[in-house]
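Note sheet for the following structure.
The values are calculated or read from the model by the stated rules, or taken from the named source; none is laboratory data. Values in this document were obtained by computation on a predicted structure and should not be read as measured data. Cβ coordinates were reconstructed from backbone atoms using ideal geometry, including for glycine residues, and neighbour counts include every protein chain displayed.
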Amino acid sequence: MTLLQDGRNITRGDYRPFDFHIHSDMSDGTDSPFDIVRIAADSGVEIISLTDHDNISGLSEARRAGKELNVTVINGVEIDTQFDCELHILGLGFDSENSALAKMLKNAEEARNYRNRLIIERLEKAGMPVSQYITEKENATITRLNIAKAIIACGKAEKFSEAFEKYLAKGKAGYVFVERTDKRSAIETIHEAGGIAVLAHPCKLKCDYRALIHTLADYGLDALEVYYPTADDGQIYEFLSLAKQYSLLVSSGSDYHGQNRKNTHIGCAYRAEECLNDFARMVIEKQSRCFV
């Protein structure tokens, strides 16, 4: 049996809404970890994971809020990995005190901070005083979405997609290459920390995703984030089939960013499917071992 925050069990057919992909203001969301948990509770979402980019600084606050508001909070992180296109691996249910994970996240933070300094320098030389519009919260991760928001505040773009296309895309004034975490190392480190590795939003991949999933499965990938706000029925069917082909589990996440992504809300991608119920039980069991 798997215990929720309130001591109840998750059993087959007993569906508990969850969201295993959420961002707070510790990366590129707008809500604090406490408010994330409050919003989940108000929305009837009983299990969540805070998955900030390369950052687990908000987890302790989220766990405290979970105890107060009766929401089960799973340790989570979204790791940006090295690939020809955007490739993110979610880690769920890991030991947040694991030294290998801490080292990997520290290296990612240092690389990202170096890149951010160069991006900001280049944009300001191009006449955009973006630094005055970037608020740095202690221990938070600044992402390119934060910088895109600053570009909008400077009046140089009207929406995020325009800011990326005109200034942050490859070949543009604010593009800076950064060496990210190796995808195999990301999966192996999540496992070393006792967690589950999930390929985030495969429906957004701009590559030969079948070949990629085959490779990641060989590396030990555990699950696919099949249910995602922008995944259509055809994509869901395709990734369910690939999950079955490679014996991968199935997850669900909203990729909630608060006011930075207004068309999503916590729990919006969840469906009452037994494969998701099974996955929720496994993730909670994984994390419970970290606190024995």
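Output the qualifying pairs, or none if there are none: Cβ atoms under 8 angstrom, residues six or more apart or on different chains, first residue in the stretch 25-54 and without any contact (Cβ under 8 Å) to a residue 12 or more places away in the chain, second residue surrounded by 23 or more Cβ atoms within 10 Å (Cβ to Cβ).
Close Cβ pairs satisfying both conditions: ASP35/SER24.
Results for (1) of a type in the set (Phe, Trp, Tyr); (2) over 15 Å from THR72 (Cβ atoms), shown as yes or no for each residue.
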{"position": "TYR227", "(1), (2)": "yes, yes"}
{"position": "ILE236", "(1), (2)": "no, yes"}
{"position": "GLY267", "(1), (2)": "no, no"}
{"position": "PHE279", "(1), (2)": "yes, no"}
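Just to be sure before I move on: is ALA62 at negative phi, in contact (Cβ under 8 Å) with a residue 60 or more places away in the chain, in a helix (DSSP H, G or I) and buried (at least 20 other Cβ atoms within 10 Å of the Cβ) in the structure I sent?
Values: at negative phi: yes; in contact (Cβ under 8 Å) with a residue 60 or more places away in the chain: no; in a helix (DSSP H, G or I): yes; buried (at least 20 other Cβ atoms within 10 Å of the Cβ): yes.
So ALA62 fails the test.
Against the conditions (1) at pLDDT 95 or above; (2) at negative phi, where does ARG261 fall short? Just the number, please.
Of the numbered conditions (1) at pLDDT 95 or above; (2) at negative phi, the odd one out for ARG261 is (1).
Could you pull out every one of the helices (runs of 4 or more DSSP H) wholly within the stretch 69-174 that has 1 or more residues that are surrounded by fewer than 16 Cβ atoms within 10 Å (Cβ to Cβ) and assigned by TED's automatic domain parsing to the domain that holds ARG261?
The helices (runs of 4 or more DSSP H) meeting that bar are 99-125.
Looking at GLY195, is it within 15 Å of the chain's Cα centre (by Cα) and either within 23 Å of GLY76 (Cα to Cα) or among the acidic types (Asp, Glu) (or both)? Full working, then the answer.
Details: within 15 Å of the chain's Cα centre (by Cα): yes; either within 23 Å of GLY76 (Cα to Cα) or among the acidic types (Asp, Glu) (or both): yes.
It is true that GLY195 is within 15 Å of the chain's Cα centre (by Cα) and either within 23 Å of GLY76 (Cα to Cα) or among the acidic types (Asp, Glu) (or both).
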